[in-house]
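Structure, as structure tokens:
Each value in this text was obtained by applying a stated rule to the coordinates, not by laboratory testing. These numbers come from a predicted model, not from an experiment. Ideal geometry is used to build each Cβ from the backbone, glycine not excepted, and the neighbour counts take in all protein chains shown.
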Amino acid sequence: MRRQLIGILLVLAAPLAFAGAQQYEPLSASIRAALHKSVSDARPPASSFRSPIDAADWLSEMSRRLEKRIPNADYRIDLLRSVHYEATRAGLDPQLVLGLMQVESGFRKYAVSSAGARGYMQVMPFWVTLIGSPDDSLFDLRKNLRYGCTILRHYLDIEKGDLYRALGRYNGSLGRPEYPNMVLAAWQKQWNYDKAPRLALGDR
């Protein structure tokens, strides 16, 4: 409970960004190949929602919450659809990803941290060399989300599902409580949605 209260206070006190930096760690050839495949797959023309009603409900509610940060309605809906798709594809809760984006970049597309992390999900450029293609832009909406969700999924797998430790790895602050607390607080207080739709890309 104390950790949650600290996280909530930190979110309220520093709403713009709390970007860190993923740390380079050597990867086996098989892991690199799997991550490369994940970030390189083309986005198929499929919905990540169970039904049009689920999509309308979720997008309407999340759009309302995001409106002050991203005033352009068309872009806001495109962003939310992309977040839902990429998070679902990676087996993540889309609302968790929104909480992470809030803390990492304050939903600023061109945010760059002092460590060089870029975009909405503050992805470090070394990942492009490690698992991507030379022409991948981390300021591209869908590329940034694809990389960010793939990386968080990778860290969750390393940590055997321990979200607290996976978030620490994502931010380069493993073992320190501030960042995981902030993301979890943002997720629970800003983006939690009781009527969240079921995911359509398969169970994890």
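Over the stretch 52-204, the Kirkwood radius and the radius of gyration, each from Cα atoms, give a ratio Rg/Rh of 0.94. For the stretch 82-172, the pair-distance distribution built from all alpha carbon pairs, in bins 5 Å wide starting at 0, is 3, 16, 27, 28, 20, 7, 0 percent. Ranked by the mean number of other Cβ atoms within 10 Å of their residues, highest first, the peptides 91-100, 158-167 come out as 91-100, 158-167.
When we measure straight from the Cα of LYS37, which lysines land under 28 angstrom away, once same-chain ones fewer than 8 places off are left out? Correct list for LYS37: LYS109, LYS143, LYS160. Considering only LEU66, ALA46, ILE77, the residue lying farthest towards the positive end of the dipole of the stretch 42-92 is LEU66, judged by Cα position with unit charges set on Cβ.
Computed from the Kirkwood radius of its Cα pairs, the Stokes-Einstein diffusion coefficient for the stretch 53-128 at 25 °C and 0.890 mPa s stands at 189 µm²/s. Listed from fewest to most Cβ neighbours within 10 Å, the set HIS36, HIS84 follows the order HIS36, HIS84.
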